[in-house]
């Protein structure tokens, strides 16, 4: 599934916001570097000043780097080596903001402190949902009498209910739906695994612009699956446990073999730039590999990132049909990144990096430990051969495999995506997305598969619990430039 | 490609043969254990005694365990727990021997020391080639005047020539070809990478039974690709080198978490039996996983192994069309296993195991370090979730991934197959074959792709060097018994 409102996470970050990098650092800035905290603040100020009468109503749905022109950047990089005073391509931010109930796409220049372009979007689609508006929408139900009555009818305690916002997809409508979401709730009461306890058959529709419930329907009562056995926390597990494994760790007595210089990472024969974006998460740019024979770097990839994660469900019922999530475009694959847990999300030899995103008011929010970088020593072999045909010796040549991994984890609601970029010494880049987290389930009246004689759009996993049929389509933007051939 | 004659390797093993495991160990023998050295010797003696007049001519093409009946074994294992005195299934060897120029398939009982069955094979196909007969066949050319003349015509030094034997495939003949191989030679002269220097267009056909060259043809002279730049040994590499990586190793201060008890391996929730076979290499049997809730082992796989590696080439020329190798059935995937190189083929925390195969005379040959077993800590995550929806805490639960790997490397001529059986804590068994080693190339008159205007069945990789089109089909025998469902 693919909703999210990392509301609380977001707020707790907010307090640790303003430990800002000194401005002098900017002199060394790479044109592809993510926006700095100072730059976020300047973007906010420039946009707010341009609309003084509505400043309090402006919401920043997205702020990120406005990618410089590729050819301009490449020639600047080439000239920069010999003529360091050449001016870099313009440093600009791309902003999506709601101003006067309209979606503006703005380009803000950070050298001249002005708005370069301001385009109002009238077409289909709407900007990324902010955590703040998701939080606002999902709280509305708690003051909505029909919803409280619906809980009451089911015998559910309101203080155990957690709600989330769901994008509604597009089903061929010829007119825009506006910025509308649905709110769907879960029941804790004895577990932290809320996703296993959906409160089914209630439809709540919210207009984000008015921040009001525009439609409510309580269609039928479906049992909430039971809490027992759903808590996944180690601290809550009870015996019998499986066999415990002895300690195992990776050791690098002389430290890592990679060098992180700002956003530039160098390891083995690889050199690349790593940045972070609220929508797409990690962006790997200018990846090149050193050719020892030619004694020069050879271009491999200009820019690569996850461009979208499309997660459609195959359930046609009233409360499910609209679930066709765009995790990057609607919720933010980067925005939903979570702090990596040292020694568990990444091995002992990992190094961590943070990033910044914009809050709804445009102010920077620090996201600590959003990336980890480590050398992977998985016990694999890069190349080997044993030659038995040339006496008297047995020739055995083995090159163990080592690679560099850049990892981010994005938790979009119940699903955790483990996003790896792996650089291999043989010259390949391997992209992997590990899908984990908690299954999206649908509450059901069924307790045994023998009772099922209709299409239920899922598999009965436990009493009153259907695992909903769905797909995860992960698409990549890969601008490969092998030896400059685009 | 898929030929082999690990002749020299074989001979060097031979001298370290008779450090034999004490017989008393057999009391604890598992019915699926590979044959012990003592058992090989008894099999040899029983077969030789059964044909006293031809003993000197008997060749043992294969000796291995005659797999006990599955149901008999499973019920014995079940009863054995409660009634340890129950007799195990009969301990038998399966033997393929050439006796009086006929292929015998024999079953030898190791309790009663007798031959249970003796079947003469009259159909197509022939037994595994022994190292000894491959060696004999490939040496014949050096006393064959037309071959020496062919070398002379090409200006090649005989002392730099290495020859190998090639199985000839089957192309719809209605009569058997007998036991025939072709011999193909390579030229060292400045490299150990013989496979890059084929001496093309000479066809040598050998009848193994007569151990004589039955046909010779020198069709045309093709340049032998040059030696420069083909030596792969680390000691022979010259600057410039790529960047060197700092040390990285796996550490298990309290030792490994697996227990090896004879052929039985226990790790985490897994329990399985590991044996070795000359034809198929590693055999994993009786793999079961402990269910902590049910508090019992649940069956997953009765028996699994690589049943064949079929490597056909797509070259229709006279010297290449027949290359359609069965690496397991013709050369022995186990027989071609090579000693694993500690710290390179397997990580620092690996444990090594040896095995035995039969020489052509039936005597056991020790193969040291044929398996390594290690826990893989690749920095992956088995399961994770971060929960942001339940204030005030951020719940982060991460279970790092750990697995157990059983590895064997089989080098069939130029190709090295890295054969892994990986046991995962989530209950899956992952089989992997890494394909490495040296490419099979064909010598060619071409030095530039612009010269090519005919089908050359390959890609021009370097001057006079065509990478030959071919496939590797790896098939597995997987007798899965999930929860006893066969």
Notebook entry, point to check: Looking down the axis that turns A into B, which residue of A has the closest beta carbon, and how many Å out?
Noted result: A:378, 2
Margin query: Quick check on the stretch B:212-269: take the gyration tensor over C-alpha atoms, sort the square-rooted eigenvalues as a ≥ b ≥ c, and tell me if it's rounded (a/c under 1.5), prolate or oblate.
Written below: oblate
Next item on the list: Report, for residue A:351, each distance to the same residue's label point in the other copies, shortest first and in nm; define the point 7 Å along Cα→Cβ.
Entry: 3.7
Next item on the list: Obtain the nm distance between the two label points defined at residue B:51 and residue B:291 by a simple spin-label model: each point lies 7 Å from its Cα along the Cα-to-C-beta direction.
Entry: 5.0 nm
Next item on the list: Could you check the simple spin-label distance between residue A:100 and residue B:475, using points 7 Å along Cα→Cβ, in nm with one decimal?
Entry: 7.4 nm
Item checked: Sequence-separation-based contact order of the stretch B:337-482, relative, with Cα cut under 8 Å and 6+ spacing, percent -> 14 percent
Checklist line | the stretch A:277-323: C-alpha pair distances exceeding 12 Å, % | finding: 73 percent
Check: In the calculated pair distance distribution of the stretch A:180-312, what percentage of Cα-Cα distances lie above 17 Å?
Finding: 79 percent
Check: If the label for residue A:246 sits 7 angstrom from Cα along the Cα-to-Cβ line, what are its distances to the same label in every other copy, in nm to one decimal, shortest first?
Finding: 2.8
Check: In µm²/s, what is D for chain B at 4 °C and 1.567 mPa s, where D = kT/(6 pi eta Rh) by Stokes-Einstein and Rh is the Kirkwood radius from Cα pairs?
Finding: 52 µm²/s
Next item on the list: Rounded to whole Å and ordered largest first, report the semi-axes of the equivalent ellipsoid of the protein assembly as shown derived from its Cα gyration tensor (root of 5λ).
Entry: 61, 38, 23
Notebook entry, point to check: What would the Debye formula give as log10 I(q)/I(0) at q = 0.17 Å⁻¹ for the alpha-carbon point model of the stretch B:235-302, no solvent?
Noted result: -0.77
Notebook entry, point to check: In whole Å, what is the distance between the alpha-carbon centres of the stretch B:260-331 and the stretch A:419-486?
Noted result: 30 Å
Notebook entry, point to check: Points 7 angstrom from Cα along the Cβ direction at residue A:67 and residue A:348: gap in nanometres?
Noted result: 4.0 nm
Checklist line | Residue-span extension gain [residue B:117 to residue B:75] - 0.36 nm each, minus C-alpha spacing | finding: 12.7 nm
Next item on the list: Sort largest first and round to whole Å: the equivalent ellipsoid semi-axes of the stretch A:122-183, each the square root of five times a Cα gyration tensor eigenvalue.
Entry: 28, 14, 9
Item checked: Proxy reagent accessibility, fewest Cβ within 10 Å first, across A:46, A:63 -> A:46, A:63
Item checked: For the stretch A:342-486, convex hull of alpha carbons as volume per residue, Å³ -> 280 Å³
Check: R0 = 45 Å: FRET efficiency of residue A:244 with residue A:428, Cβ-based, nearest 0.05?
Finding: 0.75
Note to self: Please list the three semi-axes, largest first and in whole Å, of the ellipsoid equivalent to the stretch A:131-235, using sqrt of 5 times the eigenvalues of its alpha carbon gyration tensor.
What the structure shows: 26, 16, 13
Checklist line | Cα-based radius of gyration of the stretch A:33-87 once divided by 2.2 N^0.38 Å, which approximates compact folds | finding: 1.60
Item checked: For the stretch A:91-108 versus the stretch B:92-133, the gap between their alpha-carbon centres in whole angstrom -> 81 Å
Margin query: If I fit a long axis through the Cα atoms of helix A:131-140 and take the longest principal axis of the Cα atoms of chain A, what angle between them do I get, 0 to 90°, rounded to 10?
Written below: 10 degrees
Next item on the list: Measure nothing but the geometry: give the 0 to 90° angle between the long axis through the Cα atoms of A:70-82 and the longest principal axis through the Cα atoms of chain A, rounded to 10°.
Entry: 40 degrees
Item checked: Mean shadow area of the stretch B:424-486 over all directions, Cα convex hull, nm² -> 7.5 nm²
Note to self: Assume the label is 7 Å from Cα along Cα to beta carbon: what separations in nm does residue A:296 have to the matching positions in the other copies?
What the structure shows: 7.0
Notebook entry, point to check: Hey, what angle do you get for helix B:145-154 against the long axis of chain B, alpha-carbon based, 0 to 90 degrees rounded to 10?
Noted result: 80 degrees
Margin query: What translational diffusion coefficient, to the nearest whole µm²/s, does the stretch A:365-429 have by Stokes-Einstein, given a Kirkwood radius computed over alpha-carbon pairs, a temperature of 4 °C and 1.567 mPa s viscosity?
Written below: 86 µm²/s
Next item on the list: Sort all Cα-Cα distances of the stretch B:42-201 into consecutive 5 angstrom bins from zero, then give the percent of pairs in each bin up to the one containing the longest distance.
Entry: 1, 7, 13, 13, 12, 11, 11, 10, 8, 6, 4, 2, 2, 1, 0
Note to self: Compute the orientation-averaged projected area for the stretch A:31-122 from the convex hull of its Cα atoms and round it to one decimal in nm².
What the structure shows: 6.4 nm²
Next item on the list: Before rounding to the nearest 500, sum -39500 (n - 2.57) across all DSSP H runs of length at least 4 in the protein assembly as shown and divide by the residue total; then give [θ] at 222 nm in deg cm²/dmol.
Entry: -3500 deg cm²/dmol
Check: Starting at 0 and stepping by 10 Å, how many percent of the alpha carbon pairs of the stretch A:293-410 end up in each bin?
Finding: 10, 21, 26, 21, 12, 6, 3, 1
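No lab work stands behind these numbers, since they all come straight from the coordinates. Quick caveat, the model's predicted, so the values are computed rather than measured. Note that we place each Cβ from the backbone using ideal geometry, even for glycine, and neighbour counts take in every protein chain shown.
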